[in-house]
Amino acid sequence: MARLVMKFGGTSVADLDRIRNVARHVKREVDAGHEVAVVVSAMAGQTNTLVGYCRDAAPLHDAREYDAVVASGEQVTSGLLAIALQEMGVNARSWQGWQIPIRTDESHGAARIREIDGAVLIERLKQGQVAVVAGFQGLAPDNRISTLGRGGSDTSAVAIAAAIQADRCDIYTDVDGVYTTDPRIVPKARRLDRIAFEEMLEMASLGAKVLQVRSVEMAMVHGVRTFVRSSFDDPDAPQTGKDGLPPGTLICDEDELVEQQVVTGIAFAKDEAQISIRNVADKPGVAASVFGPLSDANINVDMIVQNISPDGKTTDITFTVPESEYDRALKVLEDRREAIGFAALEGARDVVKVSVIGIGMRSHAGVAAQCFRGLAEKGINIRAITTSEIKISVLIDSAYTELAVRTLHSLYGLDG
Ligand code: ADP
Ligand code: ASP
Ligand code: MG
């Protein structure tokens, strides 16, 4: 007997038929003798609709009321799944974030989980009751509902798995695992049987939205074995395959990886924007005068390129910010034009960051050079570059996204 958390995303609970299908997956595990806690997302598209209502009601709305509105999607699906399970003769009860409670910090709209007392859930599980928990939501210190940021149900699931000491956290979604890149963009993408926590963390933070970044962080910190699989598999099919699990991807420690490639995957993020400051004085303190005010305004700067000054007097600085912060960042800099001292401010929204990820890069030289050569051969211009031990990111025109991702995918031998 094992203790499992089973998480189902929006497409998996998109209507009543799919909720019944989810109930069959849950019943299978209960019938096998496991203790089961389930975490559900809102029906596909529902959170977008609710976010839209808030925006239409007032563009600058109160974040606490935003949370009250957008958390409602998960309230509906948790109740409906409990009903569907009861209808199949499975003992089940729904739980809202505040009822457990899932305590978060005060950052309404993008709250972090601080603490979950698993005792009540464990008690119910031991009595043979399935706990159906509404994902994405928690209780803030002001005693109001909070939400965990888009895609946050993944984090709810992993956090609950850690709190109830689950043997595994199964993430059921609309693809049957983590692929070498987004299978919607590259049909030749391959499913990975295993991926290391660290690589998954990079993939998620660099744009692979299959898991929310914080869920991977939490899985890594608490050592939660996380398994990504499809909710569209036949719920009654035998659950055997590699590692005794059906098709899917196990996110695990590096030393559990069986085969190690130099490059594991390619990710891309379209929500970046580029800003270039032309002809700033090339003297100490200039970078601080640009990035200090941006940081004071809570704007995250990601890639930074500073050119060597041709004349020893002025230089150009290029960097990226989240696209949602682009207008604000330009204004912050324009307001300080005199203090910083620059000739022109330029920018572009139609850019994409493409990243190559793999822990094998630590011990292999030449991966970056190969990337630059591959893109050059396709006539793709690189606007900025950043690297770390296990990833290389390049900023390019967004029109070349698919070409760049496909080119790199075959270049590193990832095509299936
Ligand atoms: P859910 O609603 O179940 O949380 P999401 O839409 O959040 O599902 O995440 C699943 C989607 O993530 C897939 O449909 C796929 O298009 C996308 N995705 C992006 N990168 C990858 C990747 N490397 N592997 C698998 N899926 C990916
Ligand atoms: N329903 C929320 C969203 O769409 C949370 C989730 O699905 O993970 O962002
Ligand atoms: Mg998701």
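The values are calculated or read from the model by the stated rules, or taken from the named source; none is laboratory data. Fair warning: this is a prediction, and the values are worked out from it, not measured in the lab. In this analysis, Cβ positions are derived from the backbone assuming ideal geometry, glycine residues included, and neighbour counts consider all displayed protein chains. Areas reflect the complete protein model, heavy atoms only, side chains present, ligands, DNA and RNA absent. Shrake-Rupley method; radii C 1.70, N 1.55, O 1.52, S 1.80 Å.
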Those strands (runs of 3 or more DSSP E) completely within segment 231-316 that have 2 or more residues that are under 23 Å from Val216 (Cα atoms) and touching a strand residue (DSSP E or B) at 6+ places or on another chain (Cβ under 8 Å) are 249-252, 265-281
Exactly one of Leu345, Leu395, Leu403, Leu408 is in contact with a strand residue (DSSP E or B) (Cβ under 7 Å, 6 or more places away or on another chain) and not in a strand (DSSP E or B), and that residue is Leu408
Would you check if Ile195 is part of a strand (DSSP E or B) and more than 15 Å from ligand 3 (Cβ to nearest atom)? yes
The condition from (1) away from ligand 1 (no atom under 14 Å from the Cβ); (2) under 25 Å from Val70 (Cβ atoms); (3) β-branched (Val, Ile, Thr) that Val40 misses is numbered (1)
Hey, Ala219 touching a residue at least 40 places away in the same chain (Cβ under 8 Å), assigned to a helix (DSSP H, G or I) and either surrounded by 15 or more Cβ atoms within 10 Å (Cβ to Cβ) or under 13 Å from the mean Cα position of the chain (by Cα) (or both) or not: yes
Within segment 33-43, is there a residue that is closer than 24 Å to Pro246 by Cβ, away from ligand 3 (no atom under 16 Å from the Cβ) and of a type in the set (D, E, K, R)? yes
Checked segment 153-163 for anything in contact with an Asp or Glu (Cβ under 9 Å, 6 or more places away or on another chain) and either free of Cβ contacts under 8 Å to residues at least 60 places away in the same chain or surrounded by fewer than 20 Cβ atoms within 10 Å (Cβ to Cβ) (or both); matches are Ala163
Of the residues in segment 138-147, those that are assigned to a strand (DSSP E or B) and more than 9 Å from ligand 2 (Cβ to nearest atom) come to Gly138, Leu139, Ile145, Ser146
Result of the Cβ filter at 8 Å on segment 1-25, keeping first residues that are within 11 Å of ligand 2 (Cβ to nearest atom) and partners that are assigned to a helix (DSSP H, G or I) and small (Gly, Ala, Ser), at least 6 apart or interchain, is Lys7/Ser153; Lys7/Ser156; Lys7/Ala157; Gly9/Ser153
Exactly one of Arg114, Arg150 is open to solvent by 60 Å² or more (accessible area, probe 1.4 Å) and in a strand (DSSP E or B), and that one is Arg114
Restricting segment 177-203 to residues that are open to solvent by less than 60 Å² (accessible area, probe 1.4 Å) and without any contact (Cβ under 8 Å) to a residue 40 or more places away in the chain, the one farthest from ligand 1 (Cβ to nearest atom) turns out to be Leu201
Residue in segment 148-169 that is closer than 23 Å to Ala42 by Cβ, of a type in the set (Val, Ile, Thr) and either within 13 Å of ligand 1 (Cβ to nearest atom) or touching a Lys or Arg at 6+ places or on another chain (Cβ under 6 Å) (or both) present: yes
